[in-house]
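**Student:** Next up is a structure, given as C-alpha cells.
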Amino acid sequence: RTDGSSTRSIDATNIARAFASVHLTGCVVGDINHSGILVSSRATAALIDADSFQFTDGSHQYLCRVGVPEYTPPELQGKPLHGVVRITEHDAFGLAVVIFQVLLMGRHPFVGTVRKGDIPPLHENIQNFRYVYAENRDVGMDQPPGTPALSDFSPELAQLFDRAFSKSSLGHRPTAQEWAVAL
C-alpha cells in the first residue's frame with residue numbers, strides 16, 4: 001500500500017466486495033454503521049455485528065429491527081424499522097455513505113454549511129435528499145470548505161454517488177458489485 005488515497009480506494013473496494021458477498025447469499029445487512037465494518041492493515045474487510053442481518057429460512061423471515069439514522073436511506077428515515085422488510089436497495093444507500101466516508105476521510109455526504117439559518121439535523125438532510133456535494137442541483141447547503149469536490153474523483157465515481165443520493169435514483173442505486181468494479 002502506497003499513499004493514503006490508494007489505500008482508501010482499496011479499503012472501499014473491499015468493503016463493497018464484502019457487501020456484495022452478503023447480498024449474493026440473499027441476505028441484507030440492514031444495520032449499517034461505521035462500527036460494523038473492520039478493515040485490517042492488509043485491507044481485508046469484514047462485516048461484523050451480523051446478528052442484525054435480515055434473511056429468510058424456509059418460510060420464516062428474520063427482519064433487521066434496528067438502524068443508525070446516518071446510514072438509513074431517505075425512504076426509511078423516521079419510520080419504525082421493526083416491521084420493515086429491507087431490500088438490497090436500502091443497503092445500497094448505507095454502503096454509498098460508507099464508501100463516501102472512506103474516500104473523503106470521514107466526511108458525511110449530507111453534512112455541509114448552510115447559507116442561512118440553523119444547521120438542520122442530519123436525518124432531515126438525508127430525508128430531504130440534501131446531498132451537499134451534488135454539482136447539478138441546489139440543496140440550500142454547500143460542501144464544507146477545503147473538502148475535495150466530486151470532480152476530483154473519476155466521473156464514474158461521481159456519477160455513482162449522485163445515483164446513490166439523489167431522489168430521482170430511488171430504486172436504481174448502485175449495487176455493491178457496481179461499486180467494487182468502479183473502485
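**Student:** Can you tell me which of (1) modelled with pLDDT under 95; (2) within 17 Å of the chain's Cα centre (by Cα); (3) open to solvent by 20 Å² or more (accessible area, probe 1.4 Å); (4) not basic (Lys, Arg) is the one GLY58 doesn't meet?
**Tutor:** Going through (1) modelled with pLDDT under 95; (2) within 17 Å of the chain's Cα centre (by Cα); (3) open to solvent by 20 Å² or more (accessible area, probe 1.4 Å); (4) not basic (Lys, Arg) one by one, GLY58 breaks only (2).
**Student:** Which of (1) part of a loop (DSSP other than H, G, I, E, B); (2) of a type in the set (Gly, Ala, Ser); (3) at pLDDT below 95; (4) surrounded by 12 or more Cβ atoms within 10 Å (Cβ to Cβ) is the odd one out, the single condition SER41 does not satisfy?
**Tutor:** Failing condition for SER41: (4).
**Student:** If you scan segment 14-38, which residues turn out to be more than 16 Å from VAL97 (Cβ to Cβ) and assigned to a helix (DSSP H, G or I)?
**Tutor:** Listed by number, the residues that qualify are ASN14, ARG17, ALA20, SER21, VAL22, HIS23, LEU24.
**Student:** Within segment 125-183, count every residue that is in contact with a Leu (Cβ under 8 Å, 6 or more places away or on another chain) and assigned to a loop (DSSP other than H, G, I, E, B).
**Tutor:** The total comes to 7.
**Student:** Quick one: would you say HIS82 is part of a loop (DSSP other than H, G, I, E, B) and either without any contact (Cβ under 8 Å) to a residue 40 or more places away in the chain or surrounded by 12 or more Cβ atoms within 10 Å (Cβ to Cβ) (or both)?
**Tutor:** The answer is yes for HIS82.
**Student:** Out of everything in segment 143-170 that is open to solvent by 50 Å² or more (accessible area, probe 1.4 Å) and touching a helix residue (DSSP H, G or I) at 6+ places or on another chain (Cβ under 6 Å), what residue ends up being farthest from ILE119 (Cα to Cα)?
**Tutor:** Step by step, filter segment 143-170, then rank; the result is GLU156.
**Student:** Within segment 128-142, work out how many residues are open to solvent by 50 Å² or more (accessible area, probe 1.4 Å), modelled with pLDDT of 90 or more and either under 14 Å from ASP162 (Cα atoms) or under 14 Å from the mean Cα position of the chain (by Cα) (or both).
**Tutor:** Of the residues in segment 128-142, 1 are open to solvent by 50 Å² or more (accessible area, probe 1.4 Å), modelled with pLDDT of 90 or more and either under 14 Å from ASP162 (Cα atoms) or under 14 Å from the mean Cα position of the chain (by Cα) (or both).
**Student:** Here is a follow-up. Counting just the residues of segment 93-123 that are more than 16 Å from the chain's Cα centre (by Cα) and outside any loop (DSSP other than H, G, I, E, B), which one comes out surrounded by the most Cβ atoms within 10 Å (Cβ to Cβ)?
**Tutor:** VAL114
The values are calculated or read from the model by the stated rules, or taken from the named source; none is laboratory data. Source: prediction; values computed, not measured. No Cβ is skipped: glycine too gets one built from the backbone with ideal geometry, and neighbour counts run over all protein chains shown. Heads up: the accessible areas ignore ligands, DNA and RNA and are worked out on the full protein's heavy atoms, side chains in. Shrake-Rupley method; radii C 1.70, N 1.55, O 1.52, S 1.80 Å.
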